[in-house]
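Notes for the one structure printed next.
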Amino acid sequence: MAEATEQRARVVGAEAKRVKREVLGIPDQRKHRERPAKPLTSRAKEPGTQQRTYRYRFYPTDVQAQQLVQTFGACRWVYNEGLALRVKAWSDHRVSIGFAETSRALTGWRQAGKTSWLQAVSSTVLQQSLRHLDSAFTRFFNGHP
């Protein structure tokens with residue numbers, strides 16, 4: 001006798017916000033409406049300009065090498081933690097989490113006592129690792145390798 005698999009529906013709307021906030025610990029989104037808008041700047045090249053290519057080699061000192069190791073380790077930890085958060089949210093609560101939610105979770109991770117070591121690393125590279133995670137999910141669900 002075949003056992004029926006339980007198919008739960010995806011959670012959306014106010015219930016999804018509640019699960020993200022209360023169960024997963026992801027804070028609500030804050031709007032930045034008070035910030036003044038910046039005018040757009042053109043990045044068009046001047047007529048008659050040419051591009052040049054340069055190749056550089058990097059020989060880090062011992063201190064720089066240690067900073068790189070620390071940065072790469074933090075990026076790897078954030079990527080894996082973001083992946084675990086997304087998998088847990090979907091498997092336990094049927095809530096979909098994107099880049100914005102994982103980025104807000106990163107803020108919480110940086111402020112937490114156990115993971116305060118993330119403050120020693122630039123938040124830009126940590127957010128970029130979350131962008132890489134988001135693009136991997138997007139490519140997977142679009143059927144691209």
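The values are calculated or read from the model by the stated rules, or taken from the named source; none is laboratory data. Owing to the predicted nature of the structure, the values given are computational and were not obtained by experimental measurement. Cβ atoms come from the backbone with ideal geometry, glycine included; neighbour counts cover every protein chain shown.
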Which is under 29 Å from ARG8 (Cα atoms), among the polar types (S, T, N, Q) and within 12 Å of the chain's Cα centre (by Cα), of ASN80, ASN142? ASN80
Any idea which residue in region 18-47 is modelled with the highest pLDDT, counting only those that are under 29 Å from ALA84 (Cα atoms), basic (Lys, Arg) and out of contact with any Asp or Glu (no Cβ under 7 Å at 6 or more places or on another chain)? ARG18
If we keep just the residues of region 111-135 that are surrounded by fewer than 17 Cβ atoms within 10 Å (Cβ to Cβ) and of a type in the set (D, E, K, R), which is farthest from LYS20 (Cα to Cα)? LYS114
Members of region 50-102 that are surrounded by 14 or more Cβ atoms within 10 Å (Cβ to Cβ), out of contact with any Gly (no Cβ under 6 Å at 6 or more places or on another chain) and within 17 Å of THR138 (Cβ to Cβ): TYR79, GLY82, LEU83, LEU85, ARG86, ALA89, TRP90, SER96, ILE97, PHE99, GLU101
Do any residues in region 6-20 that are over 16 Å from GLY98 (Cα atoms) have Cβ atoms under 7 Å from those of residues that are surrounded by 10 or more Cβ atoms within 10 Å (Cβ to Cβ) and of a type outside the set (Phe, Trp, Tyr), where the two are at least six apart or on different chains, and which pairs are they? ARG8/ARG94; ALA9/ARG94
Give all pairs with beta carbons closer than 8 Å in which a residue from region 78-92 that is in contact (Cβ under 8 Å) with a residue 40 or more places away in the chain meets a residue that is of a type in the set (Lys, Arg); count only pairs at least 6 apart in sequence or on separate chains. ALA89/LYS20
Mind listing whichever residues of region 121-138 are assigned to a helix (DSSP H, G or I) and small (Gly, Ala, Ser)? SER123, SER129, SER135, ALA136
